[in-house]
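Data first, discussion second: the structure below is written as structure tokens.
None of the figures in this text is laboratory data; all of them are computed from the coordinates on show. Computed from a prediction, not measured in an experiment: that's the story for all the values here. Cβ placement follows ideal geometry from the backbone for every residue including glycine, while neighbour counts extend to all protein chains displayed.
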Amino acid sequence: MSAQPFRLEQGGLIDRSRPIRFSFAGKAMQGYAGDTLASALLANGVHLVARSFKYHRPRGILGAGSEDPAALVQVGRDPATIVPNVRATELELWDGLEAFAQNCWPSLQVDVGEINDLAARFLPSGFYYKTFMGPPGSWMTFEPTIRRAAGLGRCPEAPDPDRYEHVNRHCEVLVIGGGPVGLAAARTAAASGARVVLAEETPYLGGRLLNEAADSSMIEGQAGRAWVEAVTAELAALPEVTVLRRTCAFGHYDDNWVGLVEDVQDHLHPEERDDRLPRQRLWRVRAGHVVLATGAVERPLVFHGNDRPGVMLAGAVRTFLHRYGVLAGRRAVVFTNNDGAWQTAFDLASAGAEVAAIVDVREAPGAELVARAQALQMPIHARAGVIATRGRRRVAGVTVAKLDGAGGLRGDQAAFDCDLLAISGGWSPNVALFSQAGGALVFDDAIAAFRPAGAHRGMQVAGAATGTFALADALAEAVAAVDTTAPQPPATTSVESFETYSVQPTWELPSALPPARTRAFVDLQDDVTAKDLHLAVQEGYASVELAKRYTTLGMGTDQGKTSGTNGFAIIARALDKPIGEVGVTTFRPPYKPVSFGAVAGQHVGELFHPRRTTPMHEAHVEAGAVFELVGDWLRPRVYPAPGESFDDALMRECKAARTGVVVLDASTLGKIDVRGPDARTFLNRVYTNAWLKLAPGRCRYGLMLNEDGMVFDDGVTACLADDHFHMTTTTGGAAKVLSWLEEYLQTEWPELRVYLTSATEQWAVASISGPLAPQLMADLLDDIDPDPDAFPFMTHRTGHVAGVPARVFRISFTGELSYEINVPTRYGLWLWNMLMERGAAYGITPYGTEGMHLLRAEKGFIIAGQDTDGTVTLIDLGMDWAVKKSADFIGRRSLFRSDTARDDRRQLVGLRTEDPAFVIPEGSQIIETANEQQPRTPMLGHVTSSYFSPNLDRSIALALVEGGRGLMGQTVYVARAGASPAPAVICAPDFLAAEQGEA
Amino acid sequence: MFRITCPYCGPREPTEFTNGGEAHISRPQHPEQLSDAEWAEFVFMRSNTKGVFAERWCHSGGCRKWFNALRDTATDEILAVYRVGEDRPWTDRA
């Protein structure tokens, strides 16, 4: 374990009494509680933390927070919990933390992939485009190599053991950003009694006030940090205020719906984590007003060698100094185009570092700054720039040259040794969420950056996020954003050099090297250089959106936080257009990476989707049923006896249906109670057949069409009374049928007095079928005569089953004599158990959906949604008998359209394979001849249902075939993969009737 | 994720609603008197508006009532909601 040579004796928010052991890239080190991995590494003098995506160039720590593009590490080693691409600047240390370097082999120090950097000229921008568009096969040739060579971290490979949760929250004001501006806005909003949510991305409230010397800024008579503590305490005491730390607002959606992701436990030692709490929490906030106090992001300057470890943003250097008590280097060069970075020089000097030079591109930096620097004996180079850096894996020196003001160099160059280069190319308002919300941006020359054009649809922007950098002005904006009564802004003073800002736009420094050898990086994560952007424009990608995709600018996990403005400006210059005219690329959520776990929340495993079970479910589980999903329902598919195969069980169940007695749990069937004086008229309009004369006590099968004439759903509806009907629908169609009926009632026929109620879950249904069914029913029914003569097909009775009220329907989907017993849901399980008990004497056999499908196919009955697919009319199904002549119904007119009236449409037929043992796979294509011709064999249709029928002892299938009803008895062929087409003969769909006819 | 104000229940999250497409298309009184083209116009043809669009919504996860809304399809702003049978409200937006 090593010492921390770059740690200051005092200062920062870290706890020096709590040392923390961690390891990075296999090396054990020590930090303190409150450190991030980045601050602890810097304290240990480690700058090289990663290898770049494409060229494997050494990468260091550029920023201090979520904006950092390149210091990405892998955390952990367990394949279930390993996390890739974690920003070292955000990773809070805990004792025993193990982090690893990514995208390097064999090690971070010696990376074979570095060879890519030498081959850089062969990997120009648009390399991917060019290989995609290149000669056939070139992408296939390069792809495996590229995949291995380029990339970021390693994904977890095992199921995620952690828990995540979603929280919904409504508030009047959502403040995003917990710096001074966010705090002032939240406090002002809370004073009005509003519900306020304040989301701060880091563990600390205070923002920029934590990145400066304690006495730099005074607010309301208090030093910055003391003011932060006071406001924090004030907010904590208010019950309507929720302050969320470690919480990133990652996405803004319509009407101020904002997604926040909160890191709840990742910063804790695994043993300190509370397993009752989630790992991360996703807050779904609907806010009346959003105040964006997201600050600004510093951008680098673009010059040769600007990506070397030890080159850091000037503001980040101060963050490490003041928050973590870490000196990023002992001998620094500060390179800037604005006042802000001068403070870095002053603060470094106060902390004991040597400032080897302040290099400022401006002709005449502010006199006051110059005087302060001179008093500290810092060499000042005005109208000069750093044009190169040197050092193998960390900066060891820089080359400084005078600028001629026209994009070129003048005079001599000077070299300086240093171990830190602090750079600042200006500050860009953090407008990501504003832009996501659709807010317009303008390019403001005064701040050399894009900023919001104004407030936007319930969203106010205050402070640095809108380019207001002076603290007093920013706080005044914060207060005004939430209080329209011209409030008094907090009295504020600050001596920070950032106050005056005074930036000179500087997008690209000249180079002393020929262009081919200049490596000036714009996007440090995606390895995009200024030269790449020039090349993209030269090759015709003359908009930021195209150039971005061509070069991958800003397309990494950092979404171009530090590279965007520089990149757009360089493209604009290459196009010779104003930056504002060229614009920005579209900002899209997420602002920073969000784990899939957080997005999924608690909707995983059993909670992924709601499952519906019938009242009889328990009995099916006990009986060892195999289940399947039908819509959201779990239904028994088949009931295999111990040791029995699925197929054997199915054959047994289906034989029993035609020889004994079987029972099906049909509770899932959609049921709609239709009531009202106009119920009959309504049914007559929604069903294709006639309903006006159906007498109470009778049932009728009906088909529903869409207005386009295609079959939509079907089912049996019973007339309970003249104004009261019990409608059934398919299991999967229940909800859509109900809403479709409501739609017509409310929007087309509001004059009809009809009331619809979903009754699906009010009734438990057992469907009893088979030749022995009447005998069993006679044992069960108290006051209903089951004799088929007294209780004919397609009628129903109301009575009792063993004392329990029941509706019994004589309807059949198997083709056998059937009774459908409906009892109130709470008697469902009782009914099932009683049926099994009393039916035992008759050998009652429970059967599932698979048997139901097979039995109805033997009878040629369709299943809407299996044998129909939204392109099938009832004429195609051969159900013309169900079309009434007397009146209009939904979809009727479409049946006479020229296309639906064609006689060569695909029609429903039966198929008997020549080989009775060959069961055609459902979905198989039907072709005209056995010869699969090139280029195209005539395609006649496809198979919709197919089974081996135990009752007919042969394979049966239903199919939709072109002009099929005119092809009875003809042989067609079923295409097969890896085998010659199988011959089959077209027949009527009712296989059972055909068999009985032959007998 | 725009919020929708049901004219019967008030503002609710969009997940409670189902969109029903273009509003103010009445089912013809006598379909059998229409030509194929006229019928197809009713069944299949819808406008694809950029800007203010009158469309139908159903508060399917709430009161189950259908109603109409004016939505700017370019910005997803809902400018007005109104009940079935009421006239389309006036807006100063195209």
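For the stretch A:911-924, in order, what is each residue's ³J(HN,Hα) by Karplus, 6.51 cos²θ - 1.76 cosθ + 1.60 with θ = phi - 60°, in whole Hz (x at glycine and Pro)?
Using θ = phi - 60°, the values come out as 10, 10, 5, 4, 8, x, 8, 7, 8, 6, x, 4, x, 4 Hz.
Between A:Thr500 and A:Arg392, what is 0.36 nm times their sequence separation minus the Cα-Cα distance? Round to one decimal in nm. Let's see the in-between values first.
Values: separation 108, 0.36 × 108 = 38.88 nm, distance 3.66 nm.
In short, 35.2 nm is gained.
Amide H to amide H, which residues 5 or more places from A:Met312 or on other chains are under 5 Å from it, using H placed in the peptide plane?
For A:Met312, the qualifying residues are A:Leu421, A:Ala422, A:Ile423.
Please turn the phi angles of the stretch A:841-851 into ³J(HN,Hα) values with the Karplus equation 6.51 cos²θ - 1.76 cosθ + 1.60 (θ = phi - 60°), one per residue in order, whole Hz, x for glycine and proline.
Karplus-based 3J(HN,Hα) across the stretch A:841-851 equals 4, 9, x, 4, 10, x, 10, x, 5, 5, x Hz.
Go through the stretch A:678-711 and name the trypsin sites (Lys or Arg not before Pro) that are in a DSSP coil and have 13 or fewer other Cβ atoms within 10 Å of their Cβ.
Numbers: sites: A:Arg680, A:Arg685, A:Lys693, A:Arg698, A:Arg700; in loops: A:Lys693.
For trypsin sites (Lys or Arg not before Pro) across the stretch A:678-711 that sit outside H, G, I, E and B with at most 13 neighbouring Cβ atoms in 10 Å, the list reads A:Lys693.
Cα atoms only, the stretch A:430-501: Rg and Dmax in Å?
When restricted to Cα atoms, the stretch A:430-501 yields Rg and Dmax of 12.8, 36 Å.
How much FRET efficiency would the formula 1/(1 + (r/R0)^6) give for A:Asp417 and A:Leu376, where r is the Cβ-Cβ distance and R0 is 22 Å, rounded to 0.05? Walk me through the numbers on the way to the answer.
Working: r = 19 Å, r/R0 = 0.86.
Result of the calculation: an efficiency of 0.70.
Considering all projection directions equally, how large on average is the shadow of the alpha-carbon convex hull of the stretch A:481-543, in square nanometres? Show your work: numbers first, answer last.
On the way: hull surface 37.4 nm².
Projected over every direction and averaged, the Cα hull of the stretch A:481-543 covers 9.3 nm².
Shielding of A:255-261 by partners, i.e. mean partner chain Cβ atoms within 10 Å per residue? All intermediate terms of the calculation are to be shown ahead of the outcome.
Details: counts 10, 3, 5, 1, 1, 0, 0.
Partner Cβ neighbours, averaged per residue: 3.
What is the distance in Å between the Cα centres of the stretch A:537-570 and the stretch A:797-847?
When both Cα centres are located, 69 Å separates them.
At 4 °C and 1.567 mPa s, what whole-number value in µm²/s does Stokes-Einstein give for the translational diffusion of the stretch A:467-509, with Rh from the Kirkwood sum over Cα pairs?
Rounded to a whole number, D works out at 107 µm²/s.
Can you list residues whose amide H is under 5 Å from A:Ala33's amide H, if they're 5+ apart or on another chain and H is modeled 1.01 Å from N?
A:Asp15, A:Arg18, A:Ile20
Using only C-alpha atoms and all pairs of different ones, pull out the Kirkwood radius for the stretch A:729-821 in Å with one decimal. Before the final figure, lay out the partial values.
On the way: mean 1/r = 0.0656 Å⁻¹.
Evaluated over the stretch A:729-821, this radius sits at 15.2 Å.
Using the count of nearby Cβ atoms within 10 Å as a rough guide to exposure, how do A:Lys885, A:Lys592, A:Lys577, A:Lys655 rank from fewest to most? Don't jump to the answer; show the numbers that get you there.
Numbers: A:Lys885 5, A:Lys592 20, A:Lys577 13, A:Lys655 16.
Lowest to highest Cβ neighbour count: A:Lys885, A:Lys577, A:Lys655, A:Lys592.
Could you pull out the pairs from A:Lys693/A:Lys885; A:Lys693/A:Lys859; A:Lys736/B:Lys50; A:Lys693/A:Lys884 whose alpha carbons sit more than 18 Å apart here? Let's see the in-between values first.
On the way: A:Lys693/A:Lys885 14 Å; A:Lys693/A:Lys859 28 Å; A:Lys736/B:Lys50 29 Å; A:Lys693/A:Lys884 13 Å.
Going by Cα-Cα distance, A:Lys693/A:Lys859; A:Lys736/B:Lys50 fall outside the 18 Å limit.
Please average, across the residues of B:81-90, the number of beta carbons from any other chain that are within 10 Å of each residue's own beta carbon, and give a whole number.
Details: counts 0, 0, 1, 4, 3, 0, 0, 0, 0, 0.
Mean shielding by partner chains, rounded to a whole number: 1.
How big is the gap, in Å, between the Cα center of the stretch A:48-80 and the Cα center of the stretch A:761-794?
The stretch A:48-80 and the stretch A:761-794 have Cα centres separated by 72 Å.
Work out the P(r) tail for the stretch A:831-874: percent of alpha carbon pairs separated by more than 16 Å, whole number.
Values: 534 of 946 pairs.
Cα-Cα pairs of the stretch A:831-874 separated by over 16 Å account for 56 percent.
Any chance you could give the angle, 0 to 90 degrees and rounded to 10, that helix A:564-575 forms with the longest Cα principal axis of chain A?
The two axes meet at around 80 degrees.
At a Förster radius of 51 Å, what calculated FRET efficiency corresponds to the Cβ-Cβ distance of A:Gln866 and A:Asp483, to the nearest 0.05? Walk me through the numbers on the way to the answer.
Working: r = 63 Å, r/R0 = 1.23.
The value I calculate is 0.25.
Quick one: go through the stretch A:271-293 and flag any residue whose amide nitrogen is under 16 Å from the point 7 Å out along the Cα-to-Cβ line of A:Asp78.
Inside the label zone: A:271-280.
What percent antiparallel are the DSSP beta bridges of chain A, to the nearest 5? Walk me through the intermediate numbers first.
Working: 138 of 184 bridges.
Percent antiparallel among DSSP bridges in chain A is about 75.
Helix A:340-350 against the longest principal axis of chain A: what's the angle in degrees, Cα atoms only, rounded to the nearest 10?
It is inclined by approximately 60 degrees.
Just in the stretch B:1-93: which chymotrypsin sites (Phe, Trp or Tyr not before Pro) are loop by DSSP and have at most 16 other Cβ atoms within 10 Å?
Details: sites: B:Phe2, B:Tyr8, B:Phe17, B:Trp39, B:Phe42, B:Phe44, B:Phe53, B:Trp57, B:Trp66, B:Phe67, B:Tyr82, B:Trp90; in loops: B:Phe2, B:Tyr8, B:Phe17, B:Trp90.
When the chymotrypsin sites (Phe, Trp or Tyr not before Pro) of the stretch B:1-93 are filtered for loop state and at most 16 Cβ neighbours within 10 Å, B:Phe2, B:Tyr8, B:Trp90 remain.
Treat each spin label as a single point 7 Å out from the Cα along the C-beta direction, and report the A:Gln762 to B:Glu16 distance in nm.
2.4 nm
Could you check the simple spin-label distance between A:Gln109 and A:Ala993, using points 7 Å along Cα→Cβ, in nm with one decimal?
8.6 nm
Can you give the three extents of the C-alpha atoms in the protein assembly as shown along their principal axes, from longest to shortest, in whole Å?
Per principal axis, max minus min of the Cα coordinates gives 115, 68, 62 Å.
Can you give the FRET efficiency for A:Arg154 and A:Arg21, using 1/(1 + (r/R0)^6), R0 = 30 Å, r = Cβ-Cβ distance, to the nearest 0.05? Mind showing how you got there, number by number?
Details: r = 24 Å, r/R0 = 0.80.
Once rounded, the FRET efficiency stands at 0.80.
Only counting other Cβ atoms within 10 Å, I'd like A:Ile821, A:Ile784 sorted with the fewest neighbours first.
Values: A:Ile821 25, A:Ile784 22.
In order of increasing Cβ crowding within 10 Å: A:Ile784, A:Ile821.
Where the centroid of each part is defined by its Cα atoms, how far is the stretch A:693-716 from the stretch B:6-54 in Å?
Value for the Cα centre distance between the two parts: 24 Å.
Calculated from DSSP H runs of 4 or more alone, at -39500 (n - 2.57) each and per residue, what is the 222 nm mean residue ellipticity of the protein assembly as shown, nearest 500? If you can, show how the numbers build up before the last one.
Working: 25 runs with 226 residues, N = 1093.
That comes out to -6000 deg cm²/dmol.
Relative contact order of chain A, please, whole-number percent, based on alpha carbon pairs below 8 angstrom and at least 6 residues apart. All intermediate terms of the calculation are to be shown ahead of the outcome.
Numbers: 2351 pairs, mean separation 85.2, N = 999.
The normalised contact order for chain A reaches 9 percent.
Taking the number of other C-beta atoms within 10 Å as the exposure measure, put A:Tyr947, A:Tyr827 in order starting with the fewest. Numbers along the way, then the final one.
Numbers: A:Tyr947 23, A:Tyr827 20.
Sorted ascending by nearby Cβ count, the order is A:Tyr827, A:Tyr947.
Sort all Cα-Cα distances of the stretch A:347-435 into consecutive 5 angstrom bins from zero, then give the percent of pairs in each bin up to the one containing the longest distance.
Distribution as computed: 3, 11, 20, 20, 20, 12, 7, 5, 1, 0 percent.
Under Stokes-Einstein, with the Kirkwood radius over Cα pairs standing in for Rh, what whole-number D in µm²/s applies to the stretch A:161-238 at 20 °C and 1.002 mPa s? Mind dumping the intermediate values first?
On the way: Rh = 13.6 Å.
My calculation gives 158 µm²/s for D.
Scan around A:Arg637 for amide H atoms under 5 Å from its own, H built in the peptide plane at 1.01 Å from N, and keep only partners 5 or more places away or cross-chain.
A:Val626, A:Phe627, A:Glu628, A:Thr849
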